[in-house]
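Have a look at the structure below before the remarks.
A short reminder: the numbers here are calculations on the coordinates, not readings from a lab. Keep in mind that this is a model prediction, so the values were computed, not measured. A quick note on method: Cβ atoms are made from the backbone with ideal geometry, for glycine too, and the neighbour counts reach across all protein chains shown.
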Amino acid sequence: MAPYDPNGIGAGRPFMGPSLSHLFGTDNLGRDLFSRVLFGGRISILIAIASTVIALLVGTLWGVTAGIQRGWVDEFLMRTADATMAIPQILFALIALAALGASPISLPIVVGLLLSPTTARMARSAVITELESDYIVAAKASGFKSTQIILREMFPNIAPQLLVQLSINAAAAIMLEASLSFIGLGIQPPSASWGTLMLQGYSFIWNTTWYVLFPALAVSATILAFNSYGERLRVTLDPKRVHP
Amino acid sequence: MRKTPIQVAHVSDVSLTYKSKSVAVQALDGVSFELRAGETLALVGESGSGKTTAARALLGLEIPQSGTINILGRDLGDLKAEEVRLLRRQIQVVQQDPFSQLNRRHSVERIVSGPLIAFNIGDKESRREQVTKLLNAVGLESAHLQRRPHELSGGQCQRVAIARALAVEPKILVLDEAVSALDVSVRAQVLNLLKDLQRERGLAYLFITHDLGVANYMADEIAVMFRGNIVERGNREDIFKNPRHHYTIDLLSSVPLVTAARSKDVKREVRALPNVNLSDSCRYRTRCPIGSHQEKCHSTPLSISSGSQTHTWRCHFPGDRED
Amino acid sequence: MKTGLKVKNLSISVPAAGRRVAVVDDISFEIPAGKKIGLVGESGSGKSLTALALMRLVKYPVHIDGGEILFAEKDVLALNMKEFRKIRGSEIAMIYQDPMSALNPIMRVGDQIIESICLRSDINRKEARQVAIKLLDSVGIPEPDKRVDSYPFEMSGGMLQRVVIAIALSGEPQILIADEATTALDVTTQERVLTLLEKIAAERGLSVLLITHDLGVAAQFCDEIMVMYAGKIVEQGTVDQIFFSPTHPYTKALLESRCDYTIDVTKPIKSIAGQPPRSDNRPSGCVFSTRCEFAQDQCHHGVPDLVPVHNRLTACFRAKELFAPGESI
C-alpha cells in the first residue's frame, strides 16, 4: 500500500514538506514519511490490538470473579485494582519493561496489564447489576446450575459493555504505546511505530515540524476513531433502543 | 363427595431474619401454611408483610433460621444444594415484572426451553415441539418463537413466563404479584388463563398479592399477613364476609371500589399511619382502633382462635367494632 | 376568582420508524374550577403525556403538535417560558407516582419545601420554615416540627408523598395534577392520601386532575371522568354516568374486565381480546374498532367525534343504538 520503501534512503531530498510525490514529506534521510507512517501504523495498531485483547481477558476474569464472589474476595481483588491504578503508568511500564526487556511481546503484556483494572471495575459493576435481576432469579428457579447461569444467562448481557470497553481500551492502548515508544521504552529501532517516529521527529524538530506532526496526527485520528466507534457500538447494542 | 386434595407443600413455623449492614429485619415470624394440588393459597399483604420472603423461602432462595419447609415430602433443610436444584423441577415461579424476568438477549424459544435444558430433558427437536405446545397453551403462537422480550407486550411477556414455568410440569407454581404490573384488561386475560391451567393440570398455586380482588378471584384459601405474621386465614366467605382481625377489616375498607356507594358520614382518616412497634405482643397494635387503647394487646401474647374449620385468626378483640 | 383549565385540540407526537406518530390525538376537555376530574386509561392511552403537556414538561423527541391550553383565558402553550414559569408550580402544580425520585435524596424535606416557598415569595428562611412546618401538619405528618429536618430515606412512601403534596401546595395552586399519585402506595396508605387530597381540595377550592388506571380510585375520588384510549378521549361524563351506565363499548368492556372483590368468581372475567395498540400501530377508523365486540363496517372507516349522547360525551357511531339512557351494566 505504501508508495515507497519505508527504509528507502534517498527517495527524496531530506526534510521536504508535503508534496504530491511525498504526501507527508521526507525525513532526515530522505525517506518518504507517508510510507513510514503507514508501516509504523501497522506496528502500533497490532500492538494495540494485542494489548486490548490481553486487557479484556485479564480484566474480565478479574472483574467477573469479584462480582460473583463478593465478600473478601471482592474486596481483595478490587483493592488490588485500585492499587494498580494508583501507580503512575510510566513508572509501572518502566519497571516492568526493565524486568522483561522491551520487545513486541512484552509491550502488549505491559500495556494490557495497565488497562485491565478499568476493565475489571466495569466488568464487576456490570456483573453485580445483572445478578440482581429478575431473570437470574428465574434462571435459578428453572434449575440451572451456577456455572450455567453465569455463562448462559449473564454473559450475553454484559457482552455489549465488554465490547464497548474493547474499543475504548484500543484507543488507550494506542496512546500508551505511542507514549512509551516516545520515551524509548517501547518499540526499539530499527522497527518504527508511531511513537518511535515521533521520537525521531522530535529530535529534528528544528529542521522541520512535519516529521513529528504526521505520526502525532495519525495517533490522534486513530484514538478518535476507536472512541467514536465505541460510542456508536454502545448505542447500537442497547436492546432498549426500540421505542414502543 | 369431594376428594380430599393432596398436600404438596407444607411450611411450618418458619422464621426468617434479614441481616443487612447494621439493621436486622425480621421478615417472617412463625409462619405456617399448606399448599394442596389443584388449589390456590393467596398470601395477601402490603409492603413489609413478608409475603415475598415467604415465597422466596418456599423456592429455596432464602434459608429460614427456624421452622421447616416441606415440598412433596422432602424437607428443604435436609437437602444438599444439588438435591434442592433437582427439586426445583416440582416448583416454579412467575414474577411481577413481565420484561425483567425474561433474558432480554434470548429469543422466546430459548427462554421457554430453559428449564428443559437445565434438567436435560429431550433433544433440540423434541424441545422445540414442547415449547410450541406450551406457547399454544398460554395463548401465543409459533410466530412468537424467535421474538425477543422487548418486541412483546407486557401481557405477552407474562404468558412467556408462564409457559416457561410450566415447561417441566411442576406440581407447584409460585405467582409473585404476577398480574400486578399488567393493564386491567390484560390482567383479566392472564387470570382467566391461570385458572384454566390450574384446572387442566391440577397445579397448586401460591399467589402472592396485595390486591384483594385478585385474591378473591383466584384463591381457595386466603392468608392475610402483617409484618411477618399471618394474622387471619380463611376462605372467601370468611375473609370477605366475616373478617375478624382488625387489619383485615381495615384493609377491606381501604380498597376503593367502583360499585360501593361512598357514604359521606364515615369519618375517614387523613393522618399518616403510625409506626409499627414490633416489640408489642400484637404487631398491629399501634394502628388498630381497638388495640391502641388496650393494655392486653400490648402485654399478652396472642393465641390462635378459630370460628370454623377454615377460619382462624390471632386477635384479643376480634371483630369488635362500634361502627 | 378561581379559574379552571380548558384544553382544546391538544395533539402530541413521537417519532417512530422514521415518521411522527400521534400519541395524543386532538383531544379537548375542561377542568372546571373546584372540580375533581379523573383521566382514566390503560398504558399507551396518552394520559400521562397529557398531564406533562399541561405543565409543558414535554421533552424532545416528544413534541406538542398543536392545540391550546387555556388558563384564565390565556393560552399557556403560547406564553414564553419566563411568563409560564410564574404559573408552573404555583398556579398549576403536579405530583407524581414515585415520591422517592421526586425528592432530592440529599436534602432535608423541610429544606425542599422551604426552597419552593422562597422561590415564590420574599419571606425570609425563618418564616419560610414556620410555613413549611404548618404545611407538613396540614398534610397529616405527625410531629411536623421534628420531621421538617428528616431526610427522605428516613421516611416511608406514604409520608414522602405527603411531603410532595406539601411542596405542591406551597405555591398555593389553583389546579393540582396528580399523575398516578397513589399507585405506588399501599392500599391503606392510599386511602388516607386520597382522603387528604379530597380534604385539601375542598378547603382550598382546588381543581384536581387525577390520572389513574385504577377504576376504583377514580370512582371514589372524582366528580367527573374522562376515559382515554389510544390517544383519544372516548367518553366523558359524571362518575355515575361513566361507571353505572357507560355508553362507549370500551368503557363498558373496561368495567367488565376489572377484578375487585365484589365480582362473581364463578365465571371467567370478561376480558377484552388483544391488547392496547402501540402508537405506531393504531387502527384506521375508530381506535377501538379492532377490539370492539360491536364493531361494524363504518367503525373501520370513519373516526367518530366526541358528541353528546344521553347527557354525556361519547365517541362512538353506535352509542345511541347500543345503549339505552340510564341502563346499568
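Points worth noting:
- Cα-based Rg and Dmax for segment B:166-323, where Dmax is the largest Cα-Cα distance (Å): 17.8, 55
- With Cα atoms, 0 to 90° folded angle of helix B:184-201 axis to chain B main axis: 70
- Filtered trypsin sites (Lys or Arg not before Pro), segment C:1-33: DSSP coil and at most 10 other beta carbons within 10 Å: none
- Tail weight of P(r) past 23 Å, computed on alpha-carbon pairs of segment B:1-132, percent: 47
- Every pair of different Cα atoms in segment C:68-223 enters the Kirkwood calculation, which places the hydrodynamic radius at 16.1 Å.
- Debye, to nearest 20: dipole size of the protein assembly as shown, +1 on Lys, Arg Cβ, -1 on Asp, Glu Cβ: 960
- For the residues of B:115-121, the average number of beta carbons from a partner chain within 10 Å of their own beta carbon is 4.
- Dipole in debye (nearest 20) - segment C:247-322, about Cα centre, beta carbon charges: Lys, Arg +1; Asp, Glu -1: 80
- In segment B:3-69, trypsin sites (Lys or Arg not before Pro) in a DSSP loop with at most 10 other beta-carbon atoms within 10 Å: B:3, B:21
- Rounded to whole Å, sorted largest first: equivalent-ellipsoid semi-axes of segment C:247-322, Cα gyration tensor: 24, 17, 10
- Candidates per chymotrypsin sites (Phe, Trp or Tyr not before Pro) in segment C:1-105, loop by DSSP, up to 12 other Cβ within 10 Å: none
- For the protein assembly as shown, the residue among C:197, A:225, A:49 whose Cα projects farthest onto the positive side of the dipole built from Cβ charges is A:49.
- Relative counts (whole %) of C-alpha pair distances in chain C, using bins that are 10 Å wide: 6, 24, 32, 23, 11, 3, 0
- Gyration tensor over alpha-carbon atoms, segment C:58-122, equivalent ellipsoid semi-axes in Å: 27, 17, 10
- Inter-centroid distance (Cα atoms) of segment A:160-180 relative to segment C:92-171, Å: 48
- Where N is the number of residues in segment C:170-307, Cα Rg divided by 2.2 N^0.38 Å: 1.20
- Charge tally around residue B:281: other residues with Cβ under 11 Å, Lys/Arg +1 each, Asp/Glu -1 each, net +2.
- Selected from B:128, B:271, B:104 as most flexible by GNM, with chain B as the system and alpha-carbon contacts under 10 Å: B:271
- Values of log10 I(q)/I(0), in the order q = 0.13, 0.14, 0.15, 0.19 Å⁻¹, for segment A:87-244 under a Debye, Cα-only, solvent-free model: -0.76, -0.83, -0.89, -1.14
- Summary: within chain B, the longest segment free of GluC sites (Glu not before Pro) located in DSSP loops with at most 11 other C-beta atoms within 10 Å is B:142-321.
- Between the helical axis of B:154-166 and the longest alpha-carbon principal axis of chain B there is an angle of about 80 degrees.
- Ellipticity estimate at 222 nm from DSSP helix runs (n ≥ 4, -39,500 (n - 2.57)) divided over chain C, nearest 500: -9500 deg cm²/dmol
- GNM result for chain C, Cα springs below 10 Å: residue of C:78, C:128, C:315 fluctuating most strongly: C:78
- When you work out D = kT/(6 pi eta Rh) for chain B at 37 °C and 0.692 mPa s, using the Kirkwood radius from C-alpha pairs as Rh and the Stokes-Einstein form, the result is 155 µm²/s.
- Stretch in chain C that is longest and holds no GluC sites (Glu not before Pro) that DSSP places in a loop and that have at most 15 other beta carbons within 10 Å: C:74-292
- Each Lys and Arg contributes +1 and each Asp and Glu -1, all at the Cβ; summed about the Cα centre of chain A, the dipole is approximately 200 debye.
- Once both labels are positioned 7 Å from their Cα atoms along Cα-to-Cβ, the gap between residue C:74 and residue A:90 label points is 6.2 nm.
- Electrostatic bookkeeping for residue A:62 treats Lys and Arg as +1 and Asp and Glu as -1; over the other residues with beta carbon under 13 Å from its beta carbon, the sum is +1.
- Between helix A:106-131 and chain A: long-axis angle, C-alpha atoms, 0 to 90°, nearest 10: 30
- Percent RCO, i.e. relative contact order, over segment C:247-322, from Cα pairs under 8 Å lying at least 6 residues apart: 29
- Note on the protein assembly as shown: antiparallel DSSP beta bridges, both residues inside, total approximately 60 percent of the bridges counted.
- Shielding by other protein chains, C:190-197, mean Cβ within 10 Å: 5
- Both radii were evaluated on the Cα set of the protein assembly as shown; the Rg over Rh quotient, with Rh as the Kirkwood radius, amounts to 1.04.
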